[in-house]
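FYI, it's all coordinate maths here, none of it is from the lab. Note that this is a predicted model, so its numbers are computed, not measured. So basically every Cβ, Gly included, is an ideal-geometry build from the backbone, and we count neighbours across all protein chains shown.
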Amino acid sequence: MKQRSPTLEGFQTMFRLPSLGLAEIAWRWSFGLAAAVAFAFAVREYLSTLPVTAGEMLLLRTRQPVLMLQALARIFQGSAPRAVAAFLVLTLTLALAWIVLASLGRAASVKAVTEYFRGPVSSNARFSSLFALNSLRVAIMLAATVGVAGAVLAAKSVSRPDNPSPGAAVLIFWLLTILIGITCSLLNWYLSLAAVFAVREGTPAFPSLIAATDLCRTRSGSLVAAGTWFGIAHVILFVVASSAVAFPLGFAEVLPGGMVFGGVLLVTLLYFTAVDFLYVGRLASYVFITLPKEEATEN
């Protein structure tokens, strides 16, 4: 009996079930588009509340940078509370929408991958568990944002006007930011792994976290191997996409700006499409790792 490779199974699933990748793209891009539209609408409504006098319009029409800045300072004066309130409402609304969509999308994708490996299975997914796990992911992102703001303050405290030290400030900021990014990524990965058990076994959020911890302890090698290979594939994809973007940018002085922008946008969309397919393949690898050993072997 030969042990099947979880990493290979993940890559095979990614190509054999393209509908999973398309479904992942559907809910992720739908949310991204809705978030962009909501943000644009909020900015438009906020700008429409700003009073503009005839004198300020006159300063703006002069096209002189100094006068235009003076006019903008007068227009935006006292409007910060409205901007903060709008940002908080928009952020909370989008966060709730993402939690619901991510929970539904993860339940469907894990169930489909499990059926691919094991055949038809009954739906045991606990939406409340997925809702709790994704809420924790949002909380982690919020904590990371606050942490980056704290890194800025910490770096600023090192370099004071009476004793400037820009090098130390930059070093402290980047070290703290990298540490926050690594911690946030690991916690986000851990919660994503726990979601597999919440869907497949129908366990509550806390037992799903315990099951994910046990899996990390017993199958750490397989998890690291799958994450490493898919990470390498992601890096290669990023390098290829970065090189491809340079092609339309190289014709920026020859082609119209719209064509150059369209080329860059096309390469960017293709890159994010491939990234979503890689995410589905990595998820399939993790689902395969959670299977009993007798189901993960081949004659």
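Couplings for region 253-259, taken from phi via the Karplus curve 6.51 cos²θ - 1.76 cosθ + 1.60 with θ = phi - 60°, read 7, 10, 8, x, x, x, 5 Hz in order; Gly and Pro are left as x. The phi-based Karplus calculation (6.51 cos²θ - 1.76 cosθ + 1.60; θ = phi - 60°) puts the 3J(HN,Hα) values of region 232-239 at 4, 4, 5, 5, 4, 4, 5, 5 Hz, whole numbers, x for Gly and Pro.
Note on the chain: Cα-Cα pairs beyond 24 Å make up 67% of the total pair count.
Seen from ALA54, the other residues with C-beta closer than 14 Å to its C-beta sum to a net charge of +1, counting Lys and Arg as +1 and Asp and Glu as -1.
Taking θ as phi - 60° and the Karplus parameters 6.51, -1.76 and 1.60, the scalar couplings of region 209-226 work out to 5, 5, 5, 5, 5, 4, 5, 4, 7, 8, 10, 4, x, 5, 5, 5, 4, 5 Hz in sequence order, x denoting glycine and proline. Around the amide H of ARG4, modelled in the peptide plane, lie the amide H atoms of THR297, GLU298, all under 5 Å away and 5 or more residues distant in sequence or on another chain.
Starting from the Kirkwood radius over alpha-carbon pairs of region 41-94, derive D by Stokes-Einstein at 4 °C in a medium of 1.567 mPa s and give it in µm² s⁻¹. Don't skip to the end; give the middle numbers.
Details: Rh = 12.3 Å.
Answer, rounded: 105 µm²/s.
Scanning residues 5 or more positions from GLY202 or on other chains, those with amide H under 5 Å from its amide H are ARG126, with H placed 1.01 Å from N in the peptide plane.
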